1. Ala33 fails exactly one of the following numbered conditions: (1) at pLDDT 95 or above; (2) hydrophobic (A, V, I, L, M, F, W, C); (3) open to solvent by 20 Å² or more (accessible area, probe 1.4 Å). What is the number of that condition?
2. Quick check on Glu68: is it touching a strand residue (DSSP E or B) at 6+ places or on another chain (Cβ under 9 Å), of a type in the set (Asp, Glu) and either at pLDDT below 95 or open to solvent by 90 Å² or more (accessible area, probe 1.4 Å) (or both)?
3. Considering only the range 43-63, state which residues are part of a strand (DSSP E or B) and either in contact with a Pro (Cβ under 6 Å, 6 or more places away or on another chain) or more than 15 Å from Ala96 (Cβ to Cβ) (or both).
4. Could you list, in sequence order, the residues of the range 77-101 that are open to solvent by 60 Å² or more (accessible area, probe 1.4 Å) and in contact with a Lys or Arg (Cβ under 7 Å, 6 or more places away or on another chain)?
Amino acid sequence: MASLYNRKQSIALPFILMGLLLGIASCNALKSALTVQPGKQFELGGNQNGAFTVQVNNVGNVPVTISERKANGQSEVLGTFRPGDRQTVRFESGSAALVDNASSRPARLDLVVTGDKDLSMKEIPRK
């Protein structure tokens, strides 16, 4: 009986270690499922010390526009993400990512943020 228990432990050990390594690797990223309500914008970042990168995956049914509002206040449209689109976008130190939902339905995105993760997050009215 003891040898069977030890064999089960030795078979399970690689899977346990793989799970721990994946958990440690994911500590470097912030993962978020984001819903942006109709006619709203979501702001991520602004006034942080470092740059950050966002992997955006539009998992919803409506397109969203993503812009960067730079530290000096100027905004630049980075693109429209249609349902199913996936892209990685880099944002400068002090800038904010703006996700704009102009549709009449909620937008759903999966985000993975790396770099400076000391970011403010809030929903704001569309401009």
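1. (1)
2. no
3. Gln55, Asn57, Asn58
4. Glu92
The values are calculated or read from the model by the stated rules, or taken from the named source; none is laboratory data. Remember, predicted model here, so these are calculated numbers, not experimental data. Reconstructed Cβ throughout: ideal geometry from the backbone, glycine too, with neighbour counts over all protein chains shown. Protein only, heavy atoms only, side chains kept; ligands, DNA and RNA dropped before computing areas. Shrake-Rupley method; radii C 1.70, N 1.55, O 1.52, S 1.80 Å.
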